[in-house]
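Step one of this worksheet: look at the structure below.
The values are calculated or read from the model by the stated rules, or taken from the named source; none is laboratory data. The structure displayed is predicted, hence computed values, not measured ones. A quick note on method: Cβ atoms are made from the backbone with ideal geometry, for glycine too, and the neighbour counts reach across all protein chains shown. Note: accessible area is taken over every heavy atom of the protein model, side chains too, but ligands, DNA and RNA are not part of it. Shrake-Rupley method; radii C 1.70, N 1.55, O 1.52, S 1.80 Å.
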Amino acid sequence: MTVDGDMAGFIPQKEVVYNSLLPYSDRLDREATELLAEIKANLSRAVILRELWPGVAFWSRKLFSFLKLYGRRFSKDDHILFIKLLYELVTLPNLEPNMMQSYARLLIHLLKKKELLSRDDLQLPWQPLYDLYERIIYSKTEHLGLIWFPNSVDHILKALIKSCRLYFPAQSTKEMLDEWRPLLCVFDVVMQKAISNMELFLPTIMPPEEHSQGFQLWFDELMNLWMSVQNQPSWEGHLVNLFARLANDNIGYVDWTPYIPTIFTRILRSLNLPVGVSQMVAPRYLTNSYDVGHLVLWITALLGGPGNPAQKELTCLFNSIASFYHPSNHGRWQSRLMRLLQRLPASVVRRVHRERHAAPSWITVVPECQRMTDADLQEFTRSLIGAALLAMFSKTGSTDAAYALQNLALLTPELAIPPVLEKTYAAMETLTEPHTLTATLSCMIGMARSLISPNNNYPEGRAHVLPLLMGSLPGVDPNDFSKCMITFQFIATFTTLVPLVDCSSAPCRHSDLTEMEKDLCFASAEFEDFVLQFLDRPQASLILLVTPLLFLLHQVKTCAVKKGWLE
């Protein structure tokens with residue numbers, strides 16, 4: 001590759017696709033090539049001369065700016081060399097903390113797209129990174145005031161380890177276990193350090209032929225340890241996080257069936273729900289609760305497979321906690337329940353995308369027999385829909401329930417949308433319960449795309465658009481500002497997805513329409529009534545105060561001009 005534009009044979013790792021849409025895009029290739037050549041020459045010169053400041057620091061910032069402007073517009077060889085160079089810089093002994101953080105941020109950015117580099121392309125030793133982690137996190141001089149680390153160094157260093165552990169060599173797992181196994185003593189506080197190190201460093205993404213050198217060396221031992229300890233020690237949460245990551249990265253390659261009942265029993269216990277009338281939850285149990293994000297990953301990875309045993313346990317779990325989602329129940333445990341309800345459907349959506357739509361890469365795919373089928377998704381929706389419908393009217397708001405219902409509608413619209421539609425129509429007819437109308441409209445906004453999509457299992461949803469729009473007009477009430485704003489958002493969402501066009505004459509011109517499409521075309525003639533009633537309401541002028549709804553005003557105006565109502 002030369003600077004004069006000879007790009008023959010050059011395959012960039014990943015470019016910023018939007019740069020090609022800029023008016024000066026024809027000059028960007030030359031500019032990027034020149035800048036990259038300058039960065040490579042000066043960065044290597046500064047490293048050879050050992051000029052960490054200002055040479056290496058300045059040109060590393062230039063490389064970071066290059067990544068922001070042009071993406072990873074360099075070859076795979078350059079990508080690997082940049083990573084190896086920065087890894088050596090980060091792990092330099094006695095490096096200033098600010099410089100280490102700067103190099104670590106750049107290295108994290110280079111390692112962010114893990115599908116670009118496989119374990120065969122890049123391998124990084126784990127010991128230098130562990131020595132850096134020990135030197136900073138467990139410093140013997142910081143508490144004496146002899147050295148000072150920024151508050152963010154802990155977070156950045158852990159993020160760096162999470163990005164690098166994918167490329168640790170296959171034998172690194174055995175080396176780590178040899179290092180930390182002597183610390184596994186349940187009667188000593190050093191157990192916390194050993195388990196947290198294992199959670200942070202142990203690699204879990206490996207090809208199947210390397211599993212004997214990976215998680216199979218420690219899975220049975222740590223799982224038996226977790227099953228044996230019942231007093232909720234402080235290190236248990238780290239162990240659960242490790243199991244969740246292992247399950248998510250190796251769906252179909254770990255046999256969790258013997259442990260599934262215990263897993264869901266522990267999850268139920270970690271929710272810290274009160275039992276009985278006068279029972280109080282001890283603060284000690286609150287501090288040792290499992291992280292909801294990792295619990296969701298673990299549950300999602302267990303679903304599917306022959307017999308789908310985890311789904312049966314999940315159904316029992318939500319049946320047992322469904323009453324806690326009732327609006328009359330409120331306590332400090334509610335936030336965890338709402339986060340669980342919100343994140344679990346989103347995690348299943350990500351898994352379905354991974355199994356059915358993700359671009360192929362070097363990362364091992366989920367075996368065909370372990371993938372979630374449509375029947376599994378329907379069973380999953382049935383287990384959550386009851387709790388989601390109760391959580392719609394929670395005292396903390398309907399945002400979490402709306403998010404959960406939106407993802408359930410993406411998975412199985414035929415099961416998630418009808419009960420919400422029923423509640424929405426009932427709320428529109430009741431003028432004395434504005435909270436109910438606000439909550440149901442908020443949920444319908446999230447489900448709007450699934451409702452009108454013709455390519456799903458609920459094609460009759462499109463017939464509800466006009467009744468919903470007409471029924472929402474009484475919600476434009478200046479005396480109730482929250483209801484008025486959610487109504488405007490509801491109307492804006494649907495009019496953005498569905499153009500206000502009269503298509504009633506389309507069946508006369510097209511003979512290939514189905515009966516449902518003909519009914520929709522005839523029903524579109526009612527858009528005229530909707531626009532007229534909307535413009536006739538004096539409160540409609542409030543829409544001018546809301547910036548995101550200007551598009552709706554433009555739609556209404558365009559339709560009115562076409563009909564000749566406005567000049």
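Calculated FRET efficiency, residue 76 to residue 350, Cβ-Cβ distance, R0 = 35 Å: about 0.80 to the nearest 0.05. Across the options 197, 186, 152, the greatest Cα extent toward the positive end of the charge dipole of the stretch 152-197 (unit charges at beta carbon of Lys, Arg, Asp, Glu) belongs to 152. Averaged per residue, the chain has 49 square angstrom of accessible surface, using a 1.4 angstrom probe with ligands and nucleic acids left out. At the residue level, residue 228 shows approximately 90 square angstrom of accessible surface with a 1.4 angstrom probe and all protein chains present.
Taking label points 7 Å from Cα along the Cα-to-Cβ direction, residue 62 and residue 159 give a separation of 2.5 nm. In the stretch 164-266, the portion of solvent-accessible area held by carbon and sulfur atoms comes to 53 percent [1.4 Å probe, whole percent, DNA, RNA and ligands not counted]. Exceedance of the 18 Å cut-off in Cα-Cα distance is limited, within the set 114/193; 112/158; 68/112; 113/174; 40/76, to 114/193; 113/174.
If you take the alpha carbon atoms of the stretch 49-128 and fit the smallest convex hull around them, that volume is 102 Å³ per residue. Computed over Cα pairs, the Kirkwood radius of the stretch 1-119 leads via Stokes-Einstein (1.002 mPa s, 20 °C) to a diffusion coefficient of 142 µm² per second.
Centroid-to-centroid, using Cα positions, the stretch 83-105 and the stretch 197-215 are 25 Å apart. Here the stretch 414-446 is scanned for amide nitrogen atoms under 20 Å from the site 7 Å beyond the Cα of residue 482 along Cα-to-Cβ, giving 423-446. Once the Cβ-Cβ distance of residue 275 and residue 187 is raised to the sixth power relative to R0 = 30 Å, the FRET efficiency obtained is 0.50. Please work out the C-alpha center-to-center distance from the stretch 330-396 to the stretch 220-240 and express it in whole Å. Using only Cα atoms to place each centre, the spacing works out to 25 Å. Surface composition of the stretch 1-119: carbon plus sulfur atoms contribute 55% of the solvent-accessible area (1.4 Å probe, protein chains only, all chains present). With the whole protein complex present, residue 353 retains an accessible surface near 100 Å², based on a 1.4 Å probe. Taking the 1.4 Å solvent-accessible surface of the stretch 330-458 as the whole, the part contributed by carbon and sulfur is 53%.
Counting 0.36 nm for each residue step from residue 515 to residue 328 and taking away their Cα separation leaves a gain of 62.8 nm. Taking label positions 7 Å along the Cα-Cβ direction at both residue 505 and residue 433, the computed distance is 4.5 nm, reported to one decimal. Projected onto their three principal axes, the Cα atoms of the chain cover extents of 76, 74, 50 Å, largest first.
Here the extension length gained between residue 50 and residue 178 equals 42.5 nm, from 0.36 nm per residue of separation less the Cα-Cα distance. The simple Förster model, with R0 at 56 Å and r as the Cβ-Cβ distance, assigns residue 38 and residue 221 a FRET efficiency of 0.60. Measuring nothing but how far apart in sequence close Cα pairs (under 8 Å, 6+ apart) lie, relative to its length, the stretch 1-139 scores a relative contact order of 25 percent. Helix content alone sets the calculated 222 nm mean residue ellipticity of the chain: runs of n ≥ 4 DSSP H residues at -39500 (n - 2.57) each, divided across all residues, give -18000 deg cm²/dmol. Excluding residues on the same chain fewer than 8 positions from residue 518, give the lysines whose Cα lies under 23 Å from its Cα. Partners found: 562, 563. For the chain, averaging the sequence separation of C-alpha pairs within contact (under 8 Å, six or more residues apart) and dividing by the residue count gives a relative contact order of 7 percent. With the whole protein complex present, residue 15 retains an accessible surface near 90 Å², based on a 1.4 Å probe. Ordering 44, 109, 24 by Cα displacement along the dipole of the stretch 1-119 toward the positive end leaves 109 in first place; charges were set at the Cβ atoms of Lys, Arg (+1) and Asp, Glu (-1). Counting only trypsin sites (Lys or Arg not before Pro) that are in a DSSP loop and have at most 10 other C-beta atoms within 10 Å, tell me the longest site-free stretch of the chain. That would be 141-331.
For the pair residue 523 and residue 149 in one chain, pulling the backbone fully straight at 0.36 nm per residue adds 128.0 nm over the alpha carbon distance.
Taking amide H positions as modeled 1.01 Å from N, with prolines and chain starts lacking one, the residues under 5 Å from residue 71 and 5 or more places away or on another chain are 16.
With the simple model of a label 7 Å out from the Cα in the direction of the Cβ, residue 449 to residue 365 spans 2.4 nm.
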